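Notes follow the structure.
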Amino acid sequence: MPDTSPLVIPEDAIEVLSRDFEATPESRLLVNVPRANVTLQPGASNRIEIRVYMAGCDKDAAYAYLDDLGLRTRHAEDVVRVKPDLTPQHDTNWWRRQRERVGTMYVDLRLPRTCNADIQAAAGAIEAADLGGKLALEINAGRLVAANLHGQLEVFARSSELDLSGFKGKSAALNIYTSTLHLDGAEADRLDIEAAASPLRLRNLAGTTRITSHGGSTHVRTVRGSLRASVFGGRLDVADLEEAETELTASGGDIFIGLPSSAGADISLRADQIAFDPGLNFEGDREPEYVDGHLNGGGPALRARTHRGTIHCERD
């Protein structure tokens, strides 16, 4: 998995913009800087600090790129904005020059530990750590690393790599398209993951978890709470489930369920074919296409159903 340490700004980077703003609990930060590496870290409790650097070019080229990009900061009505000042003269030639830039931009954000921020970095990177509040992170054709966030989190990613760990809070909503997701540690009243053509690797989840995946494999390990997972055209693999309500569905794919021999559940399985481990302590009805009964005397509901697929239920 990727290193989760904050982005390191090169020693030869040139500072091209520096702004500080007073922050209140109602303050909101909006950042949209394409092709930039954006770092969010805790800073002063009442300040929003913004530093922009250019690396890999000389001073004149750095300031010329900043001017060409038209990057501006604005503060009005408790909202701080950092974004390019796009005007009609940003024609095809302007976008071509952006692609041919001579350096790499770094946006270093130091924020109150609890804040409200909406960060976008198309074709760049976002790394956030040790922050809370209402956070929205959007990445397109880049990389996102987030560790130890809390509060309310929204993530939108397309064609990107995501490594998330240690989230705690009220809710987290992850919308993942043609990307890879590694999530290790999420404790939320509600965790919603919607993915398309994206492999998912999820571990150490607590609370109420809902997963919908269209294409791509979905692996879930160590769930402490209810789980509802649906996959379409992909494989669903779950193991180390707490004795809580679990509902698994698949269309055009297989379901693999790993259970400890001591697990207690009211189990109901439906599939074209079911491979059921005879070593499990099961009582009830069992046929090649359905299983209804109790594991170790019963417990929370464990339901799984596939259409045009097989269910494998084995000792973990």
(request) Considering each of Ala196, Ala206 in turn, give the residue that is at pLDDT 95 or above and under 30 Å from Val33 (Cα atoms). (result) Ala196
(request) Might you check whether a residue that is under 24 Å from Ile48 (Cα atoms) and not in a strand (DSSP E or B) occurs anywhere in the range 162-183? (result) no
(request) Mind listing whichever residues of the range 235-248 are surrounded by 23 or more Cβ atoms within 10 Å (Cβ to Cβ) and modelled with pLDDT under 95? (result) Leu241
(request) Within the range 134-149, identify whether any single residue is touching a Lys or Arg at 6+ places or on another chain (Cβ under 7 Å), under 19 Å from Asn204 (Cβ atoms) and at pLDDT 95 or above, and answer yes or no. (result) no
(request) With the condition kept exactly as written, say whether any residue in the range 18-31 is over 21 Å from Asp130 (Cα atoms), aliphatic (A, V, I, L, M) and touching a residue at least 24 places away in the same chain (Cβ under 8 Å). (result) no
(message) For the range 29-71, give me each residue that is surrounded by fewer than 19 Cβ atoms within 10 Å (Cβ to Cβ) and in a strand (DSSP E or B).
(response) Leu30, Asn32, Gln41, Pro42, Arg47, Glu49, Arg51, Ala55
(message) Quick check on the range 142-154: of everything there that is free of Cβ contacts under 8 Å to residues at least 60 places away in the same chain and either in contact with a Pro (Cβ under 8 Å, 6 or more places away or on another chain) or crowded, with 23+ Cβ neighbours inside 10 Å (or both), which residue is farthest from Arg190 (Cα to Cα)?
(response) Gly142
(request) Identify the residue in the range 160-215 that is surrounded by 20 or more Cβ atoms within 10 Å (Cβ to Cβ), β-branched (Val, Ile, Thr) and within 13 Å of the chain's Cα centre (by Cα) and, among all such residues, is nearest to Gly253 (Cα to Cα). (result) Ile211
(request) Look through the range 259-280, keep the residues that are of a type in the set (S, T, N, Q) and modelled with pLDDT under 95, and return whichever of them is nearest to Glu243 (Cα to Cα). (result) Ser262
(request) Pull up the range 304-316, narrow it to residues that are at pLDDT 95 or above and touching a Leu at 6+ places or on another chain (Cβ under 7 Å), then point me to the one that is nearest to Leu248 (Cα to Cα). (result) Ala304
(message) Being among the aliphatic types (A, V, I, L, M), buried (at least 16 other Cβ atoms within 10 Å of the Cβ) and within 16 Å of Gly309 (Cα to Cα) is the filter here; which residues of the range 261-283 pass it?
(response) Leu269, Ala271, Ile274
(message) Residue pairs, Cβ under 7 Å, 6 or more apart or interchain, first in the range 240-256 and farther than 10 Å from Arg224 by Cα and touching a residue at least 12 places away in the same chain (Cβ under 8 Å), second hydroxyl-bearing (Ser, Thr, Tyr) and surrounded by 20 or more Cβ atoms within 10 Å (Cβ to Cβ). List them.
(response) Ala250/Thr306; Asp254/Thr306; Ile255/Thr306
(message) Looking at (1) surrounded by 18 or more Cβ atoms within 10 Å (Cβ to Cβ); (2) part of a strand (DSSP E or B), which one does Arg228 not meet, given that it meets all the others?
(response) (1)
(request) Collect the residues in the range 293-309 that are assigned to a strand (DSSP E or B) and under 19 Å from Arg228 (Cα atoms), keeping them in residue-number order. (result) Ala301, Leu302, Arg303, Ala304, Arg305, Thr306, His307
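The values are calculated or read from the model by the stated rules, or taken from the named source; none is laboratory data. Just so we're clear, the structure is a prediction, and the values are computed from it rather than from any experiment. No Cβ is skipped: glycine too gets one built from the backbone with ideal geometry, and neighbour counts run over all protein chains shown.
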